[in-house]
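*Asks:* Can you read through this structure? Questions will come right after.
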């Protein structure tokens, strides 16, 4: 399992992903699920992935290779004219990788993977997409300003309630850490460290990034503080009579 | 889908269940998922159910019929010597109903149902069990003082964090309403009204019960108050730097 969130605010985009992959409870590893591409001043792209690790690694490797040696038949991530075309390109690679992995005549469910793509290309707005294993995709909107992939349920209630489009990057990171902490406490297959990446609208450069390790003082402050804050909030609610 | 919780505190047992059943998004109905049996001064039993509605109704009907016309081969819920034997009896009925529903040679997964059983019989302690579709069961403990059936993920983080064995019935109801509200906000197949039942340890009588309708003032106060309380708690956490 996995937990990744891409979130859009008035200021830009914020991404967070866990790093645990598992093939059974007794076979766990650490892999980053966040991949970034950047041409400073021209384009920035961030891709988060959940699902079959062979599929997600194949997709990012193909995208990487093409960006280093593009040809006419195989357009590169670094040449797409818009984020929409970037999402189409990634979607087509996803579909191809999953289809090729499935034995003839069988379903490809075991090889499925989902992706969150965010970024900006000069001349366009920052955009955030959710790409399905089938290769098609949806875009975020004011009504749905964030996407989650993987184990999304535990961390969703706080995202719904505390998200505010005008929030600062600092508050967005705090919100994502609370959401991840709730998930980490409930599902063993989501694990630390966490990768975080900020993109500021119009900057056309990757913003600050950080890896939150198990002993990160801010992560610990949020994790412990949130339990206390929740209890305090709970006690302030009116009593049942 | 369904959401039911049975929770054990130092004072007794508290149960809550939603009432929505669905066979597709366009085919929803309201059925209570809580069933109680009582012989005042001698025994009290509360059963919550999740899963195939035909299965859960058959189980409670069989238990009901037997309690009205018991015979030697078919022991009644009202004759069991202990809560453990009650759980065994219900487990055997569950297993039988599910097995009989499955076409020959096929799996019975579509007919599966899970149950939470709580109560007390004179001479014993109050006990809380989780009964699996296979008919076997587990009992709550100090480490795991509550059971959830159905859509358990959204409402679990607050239960983990705010539960306290010494909490009052009033606080337990408040906690369950917060947990249900998070679930109602995220999963359409969990729906109001909510049924609530209290059992006070040693009383051997059903305690207060209540149905929370959509316009219940206390439910509305919790639902609205919790959003505000969460936001306030979130803002009190230390900012990210």
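*Asks:* Residue check, residue B:122 against (1) surrounded by 14 or more Cβ atoms within 10 Å (Cβ to Cβ); (2) touching a residue at least 40 places away in the same chain (Cβ under 8 Å); (3) more than 18 Å from the chain's Cα centre (by Cα), all met but one. Which one?
*Replies:* Exception for residue B:122: condition (1).
*Asks:* Please determine whether any residue of the stretch A:28-49 is at pLDDT 90 or above, exposed (fewer than 14 other Cβ atoms within 10 Å of the Cβ) and part of a helix (DSSP H, G or I).
*Replies:* For the stretch A:28-49, residues at pLDDT 90 or above, exposed (fewer than 14 other Cβ atoms within 10 Å of the Cβ) and part of a helix (DSSP H, G or I): absent.
*Asks:* Quick one: count up the residues across the stretch B:194-241 that are more than 20 Å from residue A:161 (Cβ to Cβ) and either part of a helix (DSSP H, G or I) or at the interface with chain A (Cβ under 8 Å from one of its Cβ atoms) (or both).
*Replies:* Qualifying residue count for the region: 2.
*Asks:* Would you point out which residue out of A:100, A:143 is away from every other protein chain (no Cβ under 14 Å), assigned to a loop (DSSP other than H, G, I, E, B) and surrounded by fewer than 17 Cβ atoms within 10 Å (Cβ to Cβ)? Talk me through it step by step, then tell me what you get.
*Replies:* Details: A:100 fails: assigned to a loop (DSSP other than H, G, I, E, B).
Residue meeting the stated conditions: A:143.
*Asks:* Now, a different point. Would you confirm whether or not the stretch A:161-168 contains a residue that is facing another protein chain (nearest Cβ under 10 Å), part of a helix (DSSP H, G or I), within 19 Å of residue B:237 (Cβ to Cβ) and in contact with a strand residue (DSSP E or B) (Cβ under 8 Å, 6 or more places away or on another chain)?
*Replies:* Scanning the stretch A:161-168 turns up no residue that is facing another protein chain (nearest Cβ under 10 Å), part of a helix (DSSP H, G or I), within 19 Å of residue B:237 (Cβ to Cβ) and in contact with a strand residue (DSSP E or B) (Cβ under 8 Å, 6 or more places away or on another chain).
*Asks:* Can you name every residue in the stretch B:103-119 that is buried (at least 18 other Cβ atoms within 10 Å of the Cβ) and under 22 Å from the mean Cα position of the chain (by Cα)?
*Replies:* Across the stretch B:103-119, the qualifying residues are B:111, B:112, B:113, B:114, B:115, B:116, B:117, B:118, B:119.
*Asks:* Out of all the residues in the stretch B:169-188, which are more than 8 Å from chain A (Cβ to nearest Cβ) and out of contact with any strand residue (DSSP E or B) (no Cβ under 9 Å at 6 or more places or on another chain)?
*Replies:* Listed by number, the list holds a single entry, B:181.
*Asks:* Let me ask something else. In the stretch A:1-10, what residues are outside any strand (DSSP E or B) and either within 16 Å of residue A:45 (Cβ to Cβ) or in contact with a helix residue (DSSP H, G or I) (Cβ under 6 Å, 6 or more places away or on another chain) (or both)? Even if it seems obvious, please write down each step before you answer.
*Replies:* The first filter runs over the stretch A:1-10 and keeps only residues outside any strand (DSSP E or B), leaving A:1-2, A:9-10.
Listed by number, the list holds a single entry, A:9.
The values are calculated or read from the model by the stated rules, or taken from the named source; none is laboratory data. Treat the numbers as computed from the prediction; the structure is a model and nothing was measured. FYI the Cβ positions are ideal-geometry reconstructions off the backbone, even for glycines, and counts take in every protein chain you see.
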